[in-house]
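Every number here is computed from the coordinates shown, using simple stated rules; none is lab data. Quantities reported herein were computed from a predicted structural model and do not represent experimental measurements. Quick reminder, even Gly has a Cβ in these numbers, built from the backbone with ideal geometry, and neighbours come from all protein chains shown.
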Amino acid sequence: MDGAFDPNADRKAWLSVLARADSAMVQALWDGTGLAPTHDILRAPEIGAVMVRGRAGAVGAPFNLGEMTFTRASVRLESGLVGHGFVQGRCKDHARIAALVDALMQTDQAAQIEAAVIAHLRKAATARAGARAARAAATKVDFFTVARGED
Amino acid sequence: MYVAVKGGEKAIDAAHAWLAEERRGPVDVAELSVAQIKGQLKLAVNRVMAEGSLYDADLAALAIKQARGDMIEAIFLIRAYRTTLPRFGASAPVDTGAMDCDRRISATFKDAPGGQVLGPTFDYTHRLLDFKLAADGEVPDAPRQDVVAEDKPHIMSFLDDEGLIQPEPDGPDTPPDLTRAPLDLPATRALRLQSLARADEGFLLGLAYSTQRGYARNHAFVAELRIGICAVEMEIPELGFAIEIGEVELTECETVNQFQGSKTEPPQFTRGYGLVFGASERKAISMALVDRALRWEELGEDNLGAPAQDEEFVLSHADNVQATGFLEHIKLPHYVDFQSELELIRKLRREAMARGAQQEVEA
């Protein structure tokens, strides 16, 4: 796959941003768009769990580490386009809105939704990670050797 | 004769009402919110997520509040909740090499590429009580520095390049799952790691310490310890491709252990591995040491009869919810059981006394 064109790259990116975003922020941004597209609920928001796996020694055989909470929902717009929400945590509205955003991102409203929702979520994620990374960088050790004057 | 007893409902209701009052504590002190627990008792929340085996900080914080700070009770609440959730799938194995590290240290290589990053650690504190914390909660901002984008490859990979470290064997894509099938012995390493990841921290710490003190000694170096955020990716059948479905904070510990070689393996370094939800390095290091001790058989080492080498002993007693359930059940009514014990003891005593009297007469 490396280097090859991935036709799903864009959708994968926005779904990943939606999944990891803060539920309250997703809700606030969605409310801010004022959009209320007519849609059918294909799958009502459903709370469950996903088993998170690791690898023995980070590179060996997979093992089950433990579960995380996860909520999913699916909608269909009047146009027939289907959107899926797969989000971390237990917020049903987050999953429902993620499904609507996913559906709209496949329409000609994509640019508008990208600017009003996705871009903000991406910026918040970058800022959050950046703030921790900057603090971590300040705790990076600079070693120096104390000369002992033996030669 | 079996006599069913009923009763105690009123007493139980009153006990639970009092429990709720005790949980609240003095009403002239502000109530603790779940958000406060999540934000300010993060390491407690992490432990409940790790041993409850469910990554959800809000639920763990709620459980701690409900359990009045009793960690095992909180873990029990999370385990009980977990069983109510439908399972939607399993993630791809997390790529800990791509972790956004808050902390990353090595006790074996000073100049590790990516550097030694201390993170928010208790290490090097003086362990003196800080009475300022009792007075006010004001803290100065932590220093920040420009981030230099650089990879933090696993330190073990450098030894790997030289062929000095025992390679990790691959295994089936779908590992066995303790939560779906009863513990099957002998266990695979995958099953052991799942069990250790959700095991009681204190139990693992004690076992790991026993290996350091000489019970199945295998001198461990912490090749690397890292704490940070990892993305969780899962294949979504509806989409036909994988997306990130969330992120988890993880602590990973890789130990490197000297190994003289055995009947089947050349002299080389061997590995122990710990991976735990949340920031929990004591648990991750303990897990790595116990994992290594349990690998004696596959590495062709001798069974020294040490507790940490005994897979059945370790895996059967590592789960604190199981342990506390069985332990604490003995405080619940056993009136009928005990009645029969009482009858038996009286009968044995009668017989013993009668024999004694008989012997006296004969003497």
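A few comments on the model shown:
- With contacts taken as Cα pairs under 8 Å and at least 6 residues apart, chain B reaches a relative contact order of 16 percent.
- Overall, the protein assembly as shown carries a charge dipole of about 1120 debye about its Cα centre when +1 sits on the Cβ of Lys and Arg and -1 on the Cβ of Asp and Glu, all other atoms neutral.
- Values of log10 I(q)/I(0), in the order q = 0.13 Å⁻¹, for the protein assembly as shown under a Debye, Cα-only, solvent-free model: -1.37
- Per residue, the convex hull spanned by the Cα atoms of chain A measures out at 209 cubic angstrom.
- When every Cα-Cα distance of the stretch B:10-82 is counted in 5 angstrom steps from zero, the calculated P(r) takes the values 3, 18, 25, 21, 16, 11, 5, 1 percent.
- Put the Cα centre of the stretch B:1-51 next to the Cα centre of the stretch B:295-355 and the gap is 29 Å.
- Applying the criteria of a DSSP loop state and at most 11 other Cβ atoms within 10 Å to the trypsin sites (Lys or Arg not before Pro) of the stretch B:36-127 yields B:110, B:127.
- Quarter of the Cα convex hull surface for the stretch B:121-276, i.e. its orientation-mean projected area (nm²): 16.0
- Formal net charge of residues neighbouring residue A:99 (Cβ-Cβ distance under 12 Å; K, R +1; D, E -1): 0
- By the count of other C-beta atoms within 10 Å, a proxy for reagent exposure, B:311, A:114 are ordered fewest to most as A:114, B:311.
- If R0 is 35 Å, the Cβ-Cβ spacing of residue A:124 and residue B:138 corresponds to a FRET efficiency of close to 0.85.
- Average other protein chain Cβ within 10 Å of Cβ, residues B:82-90: 6
- Working note: Karplus 6.51/-1.76/1.60 with θ = phi - 60° gives the stretch B:127-141 the couplings 6, 9, 4, 9, 6, 4, 5, 6, 8, 8, x, 5, 10, x, 5 Hz, where Gly and Pro are set to x.
- Loop sites in the stretch A:1-80: chymotrypsin sites (Phe, Trp or Tyr not before Pro), DSSP, at most 14 other Cβ within 10 Å: A:5
- Measuring r between the beta carbons of residue B:229 and residue B:313 and using R0 = 30 Å, the FRET efficiency lands at 0.30.
- Panel values: chain B, Kirkwood radius from alpha carbon pairs, Stokes-Einstein at 25 °C and 0.890 mPa s, translational diffusion coefficient 101 µm²/s.
- In the stretch B:249-292, the inverse of the mean reciprocal separation of distinct Cα atoms equals 11.0 Å; this is its Kirkwood hydrodynamic radius.
- Remark: the stretch B:57-70, residue by residue, has Karplus-estimated 3J(HN,Hα) of 5, 5, 5, 5, 5, 4, 4, 5, 5, 4, 8, 6, x, 6 Hz, where x stands for each Gly or Pro and the curve is 6.51 cos²θ - 1.76 cosθ + 1.60 at θ = phi - 60°.
- For the stretch B:41-53, backbone phi angles converted through the Karplus equation (6.51, -1.76, 1.60; θ = phi - 60°) give residue-by-residue couplings of 10, 4, 6, 5, 4, 4, 5, 5, 5, 5, 7, x, 6 Hz, Gly and Pro being listed as x.
- Among B:315-326, B:203-214, sorting by the average number of other beta carbon atoms lying within 10 angstrom of each residue, highest first, gives B:203-214, B:315-326.
- Straightening the chain between residue B:213 and residue B:241 buys 5.2 nm, computed as 0.36 nm per residue apart minus the Cα-Cα spacing.
- Shielding of A:7-15 by partner chains, average beta-carbon count, 10 Å: 3
- Loop-located GluC sites (Glu not before Pro) in the stretch A:39-109 (DSSP state other than H, G, I, E, B) with a sparse environment of at most 14 neighbouring Cβ atoms within 10 Å: A:78.
- Calculated P(r) of the stretch B:53-168 - Cα pairs past 22 Å, %: 65
- MRE, 222 nm, helices only [DSSP H, n ≥ 4, -39500 (n - 2.57), over chain B, to nearest 500]: -12500 deg cm²/dmol
- Whether the stretch B:215-363 is rounded, prolate or oblate, judged on the alpha carbon gyration tensor where a/c under 1.5 counts as rounded: oblate
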